[in-house]
Amino acid sequence: MGTKIPPVAMTTCLLSIDAVEKKARELAAGACYARRSERRGQMPATRHGKQGKGQGMKRLGMTAARIASSLVISTALLGFSGVAHAQASHQAVAASPPGISSERLDRLRAELQRYVDEGRLAGAVVRVSQNGTPVLSEAVGWRDREAGDPMQEDSIFRIASQTKALTSVAVLMLMEEGKLLLGDPVGKHLPEWQNPTVAVATPEGGYDIVPADRPITIRDLLTHTAGISYGGGPAEQAWRNAGLAGWYFADRSEPVSAAVARMASLPMAEQPGEKFVYGYNTDILGVIVEKLSGMSLQAFLDERLITPLGMKDTSFYLPREKAGRLAVVYEAEQGGVRRAADADAWTGGGHFGQGHYLHGPRVAYSGGAGLLSTAADYSRFLEMLRQGGELDGRRYLGRKSVELMTSNHLGQIEYDPGMGFGLGFAIRLDLGAAGQPGSEGEFSWGGAYHSQYWVDPKEGLTVVYLTQLLPGGDIDDHGKLRTLIYQAVE
């Protein structure tokens with residue numbers, strides 16, 4: 001039999017190991033930030049010949065790992081001996097996710113800069129954290145290329161459909177308070193939705209209107225299986241005639257609830273529960289949040305998520321004093337990008353140039369695509385979810401509710417290969433079928449302005465990538481972002 005470890009000694013050992021791991025992460029993060037400061041001219045470095053501070057910093061991450069490894073072994077053996085002791089200590093350390101190579105992350109920095117240098121991207125901000133510690137926070141290119149104003153890490157972006165995650169969390173908060181159930185018919189809370197209809201295309205090119213096979217539920221909205229599009233489908237013209245086409249609400253002088261009430265009288269694109277149809281689902285959920293809370297969606301999110309999480313630059317419309325931090329929208333064209341037109345001069349369809357976030361009516365709070373934010377703010381929100389609904393000692397959502405949100409709810413409904421969809425997020429189910437680096441159980445989404453985020457619980461990662469490119473054209477930066485982050489995981 002192996003030597004038995006006293007419970008008190010084992011507890012002391014594991015606590016010590018946790019402290020060592022925390023110190024090692026701090027050292028690794030310090031190496032990342034020190035190297036970024038060096039590149040920006042804040043620290044001297046010698047790139048050739050004798051070793052300078054730049055080369056020393058490259059070795060800091062590896063040195064930190066060696067120190068941590070030695071300290072873990074020493075701590076594990078301190079106060080007692082025997083193989084059983086060492087095995088217990090090794091198991092405690094192995095349970096923690098591996099680190100990230102700051103040196104290998106340089107490949108991502110270089111690739112993003114290449115897009116800027118080639119004129120395919122005006123600017124972007126990327127922020128990567130592991131176990132709550134930032135390992136990369138980088139701004140590249142221009143906030144306003146024509147004005148010569150560089151992108152900053154605290155630049156503010158239109159995050160469009162990244163808003164959906166906050167609205168979905170708000171719905172689950174109300175569920176936890178007993179104000180709704182996921183199986184509730186939408187008509188229970190919004191009476192105009194009690195008798196939904198569906199447009200069924202006919203061979204002649206028209207459509208018939210038939211009753212929905214069953215009521216639309218809250219869960220249908222969260223999973224985008226309600227059959228509700230962004231105005232597309234057989235009855236597209238009827239939706240356009242009602243002033244409903246596309247995700248954009250910032251130019252409207254009416255509340256979202258008024259638009260949602262009109263939607264209820266129009267035929268949906270598909271029967272509930274049959275297909276994944278991306279559309280106004282989360283805007284409808286935002287109206288339900290308003291109805292059940294007695295607050296505007298802006299007020300609810302501010303009180304329950306944005307303010308307590310410290311998301312100081314997240315809002316539906318931009319405060320006047322922050323106008324100089326809003327990133328400019330660009331659109332892809334042959335061989336590069338060009339500045340999108342001002343909102344009032346926009347004549348195309350699908351979006352509105354620079355938007356109405358500064359000089360608009362400021363009336364519509366779109367739960368599906370309305371917020372502005374920064375990489376640091378959104379990382380705080382994602383870190384709360386990564387930690388199971390809690391951050392800095394405050395509980396926002398129950399751990400089991402987060403598990404429910406980040407589980408696949410589609411069943412046999414067809415979706416992207418290797419992927420499913422939960423209550424507001426895409427879920428990675430099969431790494432091989434998806435065909436991209438990552439982890440099973442990872443949850444993610446993005447925004448119309450070419451932004452993207454994901455949370456990888458297995459590796460302890462949160463990733464936020466913000467840019468303002470609409471339409472994005474054929475740029476492959478999202479694939480490179482994912483690949484070059486995961487090649488740095490150790």
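What helices (runs of 4 or more DSSP H) lie completely within region 176-280 and have 3 or more residues being farther than 30 Å from residue 342 by Cα and aliphatic (A, V, I, L, M)?
Values: elements: 186-189, 218-223, 236-241, 256-263.
Correct list: 218-223.
Which of (1) under 30 Å from residue 390 (Cα atoms); (2) without any contact (Cβ under 8 Å) to a residue 60 or more places away in the chain; (3) not assigned by TED's automatic domain parsing to the domain that holds residue 377 does residue 171 not meet, given it meets every other one?
Failing condition for residue 171: (2).
Name the residue that is surrounded by the fewest Cβ atoms within 10 Å (Cβ to Cβ), counting only residues in region 464-486 that are modelled with pLDDT of 95 or more and within 19 Å of residue 156 (Cβ to Cβ).
Across region 464-486, the extreme among qualifying residues is 465.
Just the residues that are in contact with a Cys (Cβ under 9 Å, 6 or more places away or on another chain) and surrounded by 22 or more Cβ atoms within 10 Å (Cβ to Cβ), please, taken from region 102-160.
102, 105, 135, 136
Within region 415-427, can one find any residue that is out of contact with any strand residue (DSSP E or B) (no Cβ under 7 Å at 6 or more places or on another chain), assigned to a strand (DSSP E or B) and closer than 29 Å to residue 471 by Cα?
no
So how many residues does region 175-229 have that are within 22 Å of residue 408 (Cα to Cα), in contact (Cβ under 8 Å) with a residue 60 or more places away in the chain and in contact with a strand residue (DSSP E or B) (Cβ under 6 Å, 6 or more places away or on another chain)?
1
Just name the residue that is nearest to residue 264 (Cα to Cα) out of those in region 171-223 that are surrounded by fewer than 21 Cβ atoms within 10 Å (Cβ to Cβ) and among the hydroxyl-bearing types (Ser, Thr, Tyr).
197
Of the residues that make up region 226-244, is at least one assigned by TED's automatic domain parsing to the domain that holds residue 200, under 30 Å from the mean Cα position of the chain (by Cα), of a type in the set (S, T, N, Q) and modelled with pLDDT of 95 or more?
The answer is yes, given that some residue of region 226-244 is assigned by TED's automatic domain parsing to the domain that holds residue 200, under 30 Å from the mean Cα position of the chain (by Cα), of a type in the set (S, T, N, Q) and modelled with pLDDT of 95 or more.
Here are 135, 171: which of them is modelled with pLDDT of 95 or more, among the β-branched types (Val, Ile, Thr) and within 20 Å of residue 461 (Cα to Cα)?
135
Would you please name the residue that is modelled with the highest pLDDT, looking only at residues in region 308-342 that are over 22 Å from residue 124 (Cβ atoms) and in a helix (DSSP H, G or I)?
Here the answer is 321.
Could you check residue 340 against (1) aliphatic (A, V, I, L, M); (2) out of contact with any Lys or Arg (no Cβ under 8 Å at 6 or more places or on another chain); (3) within 19 Å of residue 454 (Cα to Cα); (4) buried (at least 17 other Cβ atoms within 10 Å of the Cβ) and say which number it fails?
Result: residue 340 fails condition (3) only.
Would you check if there is a residue in region 420-434 being in the same structural domain as residue 133 (by TED's automatic domain parsing) and without any contact (Cβ under 8 Å) to a residue 12 or more places away in the chain?
Scanning region 420-434, I find no residue that is in the same structural domain as residue 133 (by TED's automatic domain parsing) and without any contact (Cβ under 8 Å) to a residue 12 or more places away in the chain, so the answer is no.
I need the full set of residues from region 291-337 which are acidic (Asp, Glu), touching a residue at least 60 places away in the same chain (Cβ under 8 Å) and either at positive phi or surrounded by 15 or more Cβ atoms within 10 Å (Cβ to Cβ) (or both), in order please.
313, 331
Please work out which residue is surrounded by the most Cβ atoms within 10 Å (Cβ to Cβ), limiting yourself to region 350-391 and to residues that are acidic (Asp, Glu) and not in a strand (DSSP E or B). It would help to see each step written out before you state the result.
First pass over region 350-391, keeping only residues acidic (Asp, Glu): 377, 383, 390.
Filter once more, so that each one left must be not in a strand (DSSP E or B): 377, 383.
Details: 377: 25, 383: 20.
Only one residue fits best here, namely 377.
Of all residues in region 442-464, count the ones that are part of a loop (DSSP other than H, G, I, E, B) and closer than 18 Å to residue 169 by Cα.
2
The values are calculated or read from the model by the stated rules, or taken from the named source; none is laboratory data. Computed from a predicted structure; not experimentally measured. Cβ sites come from the backbone with ideal geometry, for glycine too, and all protein chains shown count toward neighbours.
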